[in-house]
Structures are given as C-alpha cells and as structure tokens.
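*Asks:* Quick one: this structure, given as structure tokens, is what I'll be asking you about.
The values are calculated or read from the model by the stated rules, or taken from the named source; none is laboratory data. All of these numbers come straight from a predicted model, not from anything done at the bench. Here Cβ is always computed from backbone atoms with ideal geometry, including for glycine, and neighbour counts include all displayed protein chains. All accessible areas refer to the heavy atoms of the entire protein, side chains included, with ligands and DNA or RNA removed. Shrake-Rupley method; radii C 1.70, N 1.55, O 1.52, S 1.80 Å.
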Amino acid sequence: MSQSKASSVIDFLSIVERLKRTKRTGWINSGISGPESISDHMYRMGIMAMLIEDESIDRTRCIKMAIVHDLAEALVGDITPFDGVSKTEKYAREKQGMRDIVDTLGNSTVAQEIEALWIEYEEDQTN
C-alpha cells in the first residue's frame, strides 16, 4: 500500500470513527437514556442482514449496504424528519458527504462501491 493510499485510508477511518461518538438524534429528542450511536445502529443492521436465510436475496450485498447506509452522517449528522430539513436538502447534504468520503478515499474502486451502495439504498433501487 502506498503512503498516500495508507493516508487516505487513515483519513477515512477517522471520519468513520465519528459515527461511534454521534448519538442518534431521534433517541436524544425522545429523551431515551443511553441513546445508541450511529455506528451502533449500523452494526446491528449489518448483523440483521447476516441473519437473512432467503436464497433469493444477496446477503453479502445487504450486509455491505447496512454498513454504509448511514456513513454520510459522520459528516452531516443524523438528520430526522423533525429537524426542519426537507428530504431534498437532507439527500443533497448526505450526497455531498458521500462525495467527500469518495474523494477522501481517492475515488478508488472501493470508494465507488461504497457510493454506489449508498445511492442504491437512498434511491430504493434494490431488487
């Protein structure tokens, strides 16, 4: 791994690390004690996807999608429907966040896969 690629990965992992510290807004707004973090949520979704036994479903793709579906929230925060941000604006912010993540990873093949999975999830395009 080249020095610049290693640096890009470290920068990306620093962004991802923010998900551990960012609590889910809906939990906080509801006054729930011990709110889960965004990464807690993403991890549980990944585990749920692992439990899929339906052979007609691409389980590996579901796991990957669960892992990346809220990744942009590391940069834009956890925006809920009650935050006064339109769906269009939320999507625009998160899409820019994903672009920033892709750029951080040097627009690599893996970065493009992450972005494609996120777009597929956001646009509800999974078959």
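*Asks:* Compute the Rg/Rh shape ratio of region 44-119: radius of gyration over Kirkwood radius, all on alpha-carbon atoms.
*Replies:* Details: Rg = 13.9 Å, Rh = 13.5 Å.
Reported Rg/Rh, Kirkwood definition of Rh: 1.03.
*Asks:* Suppose all protein chains stay in the model; what accessible area per residue would a 1.4 Å probe give for region 24-70, in Å²?
*Replies:* Per-residue value: 65 Å².
*Asks:* What's the FRET efficiency of residue 30 with residue 121 using the Cβ-Cβ distance as r and R₀ = 30 Å, to the nearest 0.05?
*Replies:* Taking R0 as 30 Å, the efficiency between residue 30 and residue 121 is 0.80.
*Asks:* Carbon and sulfur: what percent of region 1-122's accessible surface (1.4 Å probe)?
*Replies:* Within region 1-122, the accessible surface is 55 percent carbon and sulfur.
*Asks:* Which of the listed residues, 68, 15, 117, is farthest toward the dipole's positive end in the chain, when Lys, Arg count +1 and Asp, Glu count -1 at the beta-carbon?
*Replies:* 15
*Asks:* Okay, moving on. Using a cut-off of 20 Å between alpha-carbon atoms, which lysines can reach residue 20, once sequence neighbours fewer than 8 places away in the same chain are excluded?
*Replies:* Result set, ordered by chain and number: 64.
*Asks:* Report the gain in length on full extension from residue 107 to residue 47: 0.36 nm times residue separation, minus Cα-Cα distance, nm rounded to one decimal.
*Replies:* Residue separation times 0.36 nm, minus the Cα-Cα distance, leaves 18.8 nm.
*Asks:* For the chain, set up a Gaussian network in which alpha carbons nearer than 10 Å are linked by springs, and say which option among 30, 39, 86 fluctuates the most.
*Replies:* 30
*Asks:* Do any GluC sites (Glu not before Pro) in region 78-127 lie in a DSSP loop with no more than 14 other beta carbon atoms within 10 Å, and if so, which?
*Replies:* Values: sites: 89, 94, 113, 115, 120, 122, 123; in loops: 123.
Taking region 78-127 and a limit of 14 other Cβ atoms within 10 Å, the loop GluC sites (Glu not before Pro) found are 123.
*Asks:* Hey, another quick one. How about region 1-85: which chymotrypsin sites (Phe, Trp or Tyr not before Pro) there are in a DSSP loop, with at most 10 other Cβ atoms within 10 Å of their Cβ? Could you put the intermediate results ahead of the total?
*Replies:* On the way: sites: 12, 27, 43, 82; in loops: 82.
Listed in order of number, the matching sites are 82.
*Asks:* For residue 2 paired with residue 87, estimate the spin-label separation in nm (one decimal), with each label point 7 Å from Cα along the Cα-to-Cβ line.
*Replies:* Taking the simple label geometry, residue 2 and residue 87 are separated by 4.2 nm.
*Asks:* Hey, got the dipole for the chain? About the Cα centre, +1 on K and R Cβ, -1 on D and E Cβ, debye to the nearest 20? If you can, show how the numbers build up before the last one.
*Replies:* Values: 15 positive and 22 negative charges, 91 e Å.
Approximately 440 debye in magnitude.
*Asks:* Just subtract the alpha-carbon distance of residue 58 and residue 11 from 0.36 nm times their residue separation and send over the number in nm, one decimal.
*Replies:* 13.9 nm
*Asks:* Specify which labelled value, from [x] 2.77; [y] 1.28; [z] 1.10, agrees with Cα Rg over 2.2 N^0.38 Å derived from the coordinates of the model shown.
*Replies:* [z]
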